[in-house]
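The structure appears below as structure tokens.
Read the figures in this text as sums done on the coordinates, not as results from a lab. For clarity, every value in this text was computed on a predicted model and none was experimentally measured. Note: ideal-geometry Cβ built from the backbone for every residue, glycine included; neighbour counts use all protein chains shown.
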Amino acid sequence: MRIVVIGGVAAGMSAASQAKRRAPSADVVVFERGGWISYASCGIPYNLIDPARTLDDLVVLQAEEARKDRGIDVRVRHEVLAIRPDRKVVEVRDLDQCAVREEPYDRLIVATGAAPVRPPLPGIDLPGVFVLRTLPEGAVLKRHLAESGPREAAILGGGYIGMEMAEALRRRGLAVTILERAEQILAGYHDEIARTALEELRRNEVRVQTGVSVAGIAQGTTPRLLVVQTDQGAVAADLVLVATGIRPDVALARAAGLKLGPSGAIAVDDRQRTNVPHVFAAGDCAEATHRVSGLPVWVPLGTTANKQGKIAGANAAGADERFAGIVGSAAFKLFDIEVGRTGLGMREVRELGLDAVASVSRHRTRGHSYPGSRTIRTVLFVERETGRLLGAQMAGGDAVAKRIDVFAAALQADMTVSEVEQLDLTYAPPFAPVYDPILIAAGVAMKDLAARKP
């Protein structure tokens with residue numbers, strides 16, 4: 001049996017490794033158009049902070065190691081140009097040899113990931129304008145930081161990458177301006193959480209402009225100077241990072257007749273199968289089922305990519321495993337705070353037509369007798385009639401990400417806030433007050449529910 005994988009990063013290498021483990025005699029081939037495989041793209045902003053760190057620190061597995069130690073035929077700098085399901089072949093270009101040939105498959109796994117959105121702005125291709133999604137893009141940006149010594153950066157977009165890169169560039173000594181088209185940064189977050197992040201950015205001297213429309217990027221009066229033209233005036237910079245979002249990379253899949261779901265990503269079932277026989281899809285190019293709403297969604301995260309890849313690889317090798325779905329858990333660090341979410345936000349709640357309460361609470365992170373306690377702000381989204389937890393968002397001091405994990409487990413268990421309030425969580429002054437912010441948030445939500453009963 002010949003199993004071909006398109007894409008060699010998170011989902012692709014998880015799929016290939018699992019397929020080879022389940023079917024050791026199978027011929028498992030991975031085509032990756034870049035020069036690296038199996039790297040942690042989420043770690044790029046943190047790597048960029050330290051000029052002395054090499055980007056190889058982010059590589060989990062080298063191509064040669066995959067070949068030698070795992071028996072996987074990894075071919076880097078090989079771009080798949082087309083999928084021909086009728087003949088069960090893929091058309092592949094060797095980017096070094098400039099040769100194109102057809103490669104057969106018995107099972108195919110599409111793991112083409114996602115690509116940065118490059119808005120059609122004048123000047124988007126000028127030197128000094130960057131996107132950041134892949135390791136090669138990170139290498140280009142890191143080289144620019146080292147060789148050109150930029151002093152002022154403009155970041156287009158106030159999402160996760162915009163937040164993380166604002167910190168990275170400030171720590172490199174650059175002045176940073178964030179330009180966000182929406183009225184608040186962090187779309188999808190409650191305004192209480194977004195406001196906390198905004199306060200942290202301003203505390204670290206990051207300039208933030210929201211509700212701003214970018215018209216284009218122009219060359220300034222010197223070769224290094226760029227001018228971002230907006231409806232609120234011009235912003236000068238010598239580095240512009242376009243962080244306006246990402247989209248599923250589905251051009252190959254669409255051309256091959258793979259069905260796309262409502263999000264624009266590849267539609268798959270819980271076994272990672274597409275609508276085309278013998279073809280699976282996993283990772284940032286594929287949808288997943290949200291366990292709270294029950295609907296197909298596109299939430300591109302490394303955790304989901306690796307899990308879906310593992311399922312796709314196992315099933316391509318003959319197993320019958322199922323992916324349980326997601327609750328959309330995510331977190332990031334912003335200077336000295338953490339921000340995270342899981343489950344539904346109010347926008348999704350409204351789109352689903354649910355009657356819910358957004359309950360806001362604040363609490364300290366440690367026992368009153370222990371130094372260093374900080375504030376965590378929590379927003380819970382709770383179904384009014386049943387008290388069922390629908391989602392949670394947090395921002396602030398210690399261990400936000402791990403507390404969000406507790407809410408994620410509660411969502412997966414379909415718990416009510418009353419049940420969350422009864423959780424037997426650890427208590428010790430260095431870690432939490434006797435009533436953890438999780439328990440306080442659940443208790444406040446119960447009071448809000450009682451107060452807002454029709």
Quiz item: Considering only region 80-195, what is the antiparallel percent among its DSSP beta bridges, to the nearest 5?
Solution: 65
Quiz item: Around VAL176, what is the net charge, scoring Lys/Arg as +1 and Asp/Glu as -1 over all other residues with Cβ under 15 Å from its Cβ?
Solution: 0
Quiz item: Spin-label point model (7 Å from Cα, Cβ direction): what's the LEU95 to LEU295 distance in nm?
Solution: 3.7
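Taking every DSSP beta bridge that has both residues in the chain, what percent is antiparallel when rounded to the nearest 5?
In the chain, approximately 65 percent of DSSP beta bridges are antiparallel ones.
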Quiz item: In what order do MET165, MET446 fall by count of nearby beta-carbon atoms within 10 Å, going from fewest to most?
Solution: MET446, MET165
Practice problem: Kindly write out, for region 97-114 in residue order, the coupling ³J(HN,Hα) from the Karplus curve 6.51 cos²θ - 1.76 cosθ + 1.60 (θ = phi - 60°), rounded to whole Hz, with x marking Gly and Pro. | Solution: 8, 6, 10, 10, 8, 9, 10, x, 9, 9, 10, 10, 10, 8, 9, 7, x, 10
Quiz prompt | For CYS285, CYS42, order by how many other beta-carbon atoms lie within 10 Å, fewest first | solution = CYS42, CYS285
Quiz item: Given the Cα atoms of the chain, and with Rh set as the inverse mean 1/r over their pairs in the Kirkwood sense, what is Rg to Rh to two decimals?
Solution: 0.99
Practice problem: Scan the chain and report its longest stretch carrying no GluC sites (Glu not before Pro) that are both in a DSSP loop and have at most 16 other Cβ atoms within 10 Å. | Solution: 1-182
Practice problem: Find the all-direction average of the projected area of the Cα convex hull for region 94-159, expressing the result in square nanometres with one decimal place. | Solution: 7.8
Exercise. Pairs of lysines 8 or more apart, or on different chains, with alpha carbons under 25 Å: count those in the chain, would you?
Key: 16
Quiz item: Points 7 angstrom from Cα along the Cβ direction at CYS42 and VAL434: gap in nanometres?
Solution: 3.6
Quiz item: According to a simple spin-label model (label point 7 Å from Cα along Cα-to-Cβ), what is the distance in nm between ARG67 and HIS144?
Solution: 3.3
Exercise. Quick one: give the max-minus-min coordinate of the C-alpha atoms of region 330-451 along each principal axis, largest first, in Å.
Key: 44, 29, 25
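Hey, with R₀ at 30 Å, roughly what FRET efficiency would THR375 and GLU351 work out to, going by the Cβ-Cβ distance, to 0.05?
0.45
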Self-check item: region 126-191-region 96-119 distance, computed between alpha-carbon centres (Å)
Solution: 28
Quiz item: List the trypsin sites (Lys or Arg not before Pro) in region 80-146 that DSSP assigns to loop (not H, G, I, E or B) and whose Cβ has at most 10 other Cβ atoms within 10 Å. Which are they?
Solution: ARG87
Quiz item: Hey, what's the per residue convex hull volume over the C-alpha atoms of region 5-164, in cubic angstrom?
Solution: 151
Quiz item: When the chain is fully extended, how far beyond the present Cα-Cα distance does GLN229 get from ARG87, taking 0.36 nm per residue of separation?
Solution: 46.1 nm
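Taking the beta-carbon count within 10 Å as an exposure proxy, list PHE323, PHE431 from fewest neighbours to most.
Ascending Cβ contact count within 10 Å gives the list PHE431, PHE323.
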Quiz item: Under the rule of -39500 (n - 2.57) per DSSP H run of 4 or more residues, summed and divided by the residues of the chain, what mean residue ellipticity at 222 nm is obtained, to the nearest 500 deg cm²/dmol?
Solution: -8000 deg cm²/dmol
Self-check item: Total charge dipole magnitude, the chain, about the Cα centre, Cβ charges on Lys, Arg, Asp, Glu only, Debye to nearest 20
Solution: 100
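Which net charge results for the neighbourhood of THR230, defined as the other residues with beta-carbon distances under 13 angstrom from its beta-carbon, given Lys and Arg at +1 and Asp and Glu at -1?
Around THR230, the surrounding residues sum to 0.
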Exercise. Please give the direction-averaged projected area of the C-alpha convex hull for region 363-409, in square nanometres with one decimal.
Key: 3.7
